[in-house]
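Written below as structure tokens is the structure these notes are about.
What follows draws every value from the coordinates through simple rules; no lab data is involved. Being a predicted model, the structure only gives us computed values, none of them experimental. Cβ sites come from the backbone with ideal geometry, for glycine too, and all protein chains shown count toward neighbours.
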Amino acid sequence: MPTRHIDLQDHRLRYLHLSHDKGSMRAAAEVLGVATSSVSRQIARLEEELGIELVRPGTHRISLTAAGEAAVDYYIERTRQHALLVNRLDELRARQQASTVIAIGEGLLGARAINSLQGFLHAHNAHKAEIISAPSLEVQRMVLADEAHLGVVFAPNPAARLTRLFSLAQPLRMIVHRDSRMAERSTVSLAEVARESLVLPGANFRVRELADAACKDQPFAIVPTLTSNSLAVILDFVRSGLGATLLAELPIIDELKSGTFKALAIDCEAMNATDIQIVTRRGRTLDGMSRELATEMAKAVRMAL
């Protein structure tokens, strides 16, 4: 059977939805500021367009048929999607008005680095910037989609179309509390990591992707005891002595310097080759201030170590 072409009129769907929501066509007409006959006529035309009865006749309160309920559900969903689109476009306009959007991998820049950036922006108060925190894989996606001018990412995918503006070697380490039985060690094997009680971020974080790839040809897997996308929760887990985690040193540099945590090297080539990079989309031309901002971020990262 050929598909019937339907030219839906939003105002007619709205009349049907309001009549159903308010209980009668008269109540809908009062809200709309039109005659009840106008509401009735538009719903009748909608039924003609659709070729099916939408309202059961002869009831005081409006009663929808199954087709009427489907039409109202469609209108509600369409209205919701329209609102989402408008909000999304508003967000994108706001980002375009900001001179530089910076997406930073969760926990990659600490308080001191952020304060350094704020000082730079304060000194250049004519320049606006927006800082967004997200998992490194999401940061990479935002930069590639031009949703962010600059990204600070941990071990970005080499195949991604990104231009590296700055990089700092940051091997992936096993992080333990100073009172852990492993704290006296300087190096651990991948198999030992797999045997530990671990808290790791979710699958959309680069750390998990790297851990899974490292075990691809091994007879074991790295499976966390606890999964959390919150750096605070991860560090509390380690701090309480419940287990270890896998992190680069930069996000926890203060705890490492104070001796609260110990970073153990992992005997794994892939985990020792990771770095933190400041990137932009390949082919993108940054304005002078955005380049200065990238340079300032690189300084802030170096100073944090």
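GNM remark for the chain: springs join alpha carbons under 10 Å apart, and the peak mean-square fluctuation among 212, 73, 267 falls on 73.
Could the peptides 25-32, 226-233, 12-19 be put in order, highest first, of the mean number of other beta-carbon atoms found within 10 Å of their residues? Don't skip to the answer; put the middle values down first.
Working: 25-32: 18.2, 226-233: 14.0, 12-19: 22.5.
For the peptides 25-32, 226-233, 12-19, the packing ranking is 12-19, 25-32, 226-233.
Kirkwood-type hydrodynamic radius, region 10-93: 13.5 Å, calculated from all non-identical alpha-carbon pairs. Quick check: the angle from helix 288-304's long axis to the longest principal axis of the chain, C-alpha only, nearest 10 degrees? For 288-304 against the chain, the angle is about 50 degrees.
Working note: Karplus 6.51/-1.76/1.60 with θ = phi - 60° gives region 176-182 the couplings 10, 6, 4, 8, 5, 5, 8 Hz, where Gly and Pro are set to x. Taken over the Cα atoms of region 33-177, the convex hull encloses 274 Å³ per residue. Rounded to whole numbers, the Karplus 3J(HN,Hα) couplings from phi for region 204-213 are 8, 9, 4, 4, 5, 4, 5, 5, 5, 5 Hz, using 6.51 cos²θ - 1.76 cosθ + 1.60 with θ = phi - 60°, and x at Gly and Pro. Taking every DSSP helix (H) stretch of at least 4 residues in the chain, weighting each as -39,500 (n - 2.57) and dividing the sum by the residue count yields a mean residue ellipticity at 222 nm of -14500 deg cm²/dmol. Around the amide H of residue 228, modelled in the peptide plane, lie the amide H atoms of 200, 202, all under 5 Å away and 5 or more residues distant in sequence or on another chain.
By the rule of a C-alpha distance below 27 Å, with chain neighbours fewer than 8 residues away ignored, the lysines paired with residue 128 are 299. Counting only Cα atoms, the chain measures 84, 51, 39 Å along its principal axes, largest extent leading. Secondary structure note: in the chain, about 55% of the DSSP beta bridges are antiparallel. Summarising the amide proton neighbourhood of residue 275: residues at separation of 5 or more, or on other chains, whose placed amide H is nearer than 5 Å comprise 155, 170. In this structure the amide hydrogen of residue 55, modeled in the peptide plane, comes within under 5 Å of the amide hydrogens of 65, none closer than 5 places in sequence on its chain. Binning the C-alpha pair distances of region 125-230 at 5 Å intervals from 0 yields a P(r) profile of 2, 10, 17, 19, 17, 14, 10, 6, 3, 1, 0, 0 %, listed from the shortest bin outward. Under the definition of Cα pairs under 8 Å and six or more residues apart, what whole-number percent is the relative contact order of region 173-272? Relative contact order comes out at 49 percent.
Candidate cross-link partners of residue 216 among the aspartates and glutamates, defined by an alpha-carbon separation under 14 Å and a same-chain spacing of 8 or more, comprise 269. Applying the Karplus relation 6.51 cos²θ - 1.76 cosθ + 1.60 with θ = phi - 60° to region 74-87 yields 3J(HN,Hα) values of 4, 5, 4, 5, 5, 5, 5, 5, 4, 5, 4, 5, 4, 5 Hz, where x marks Gly and Pro.
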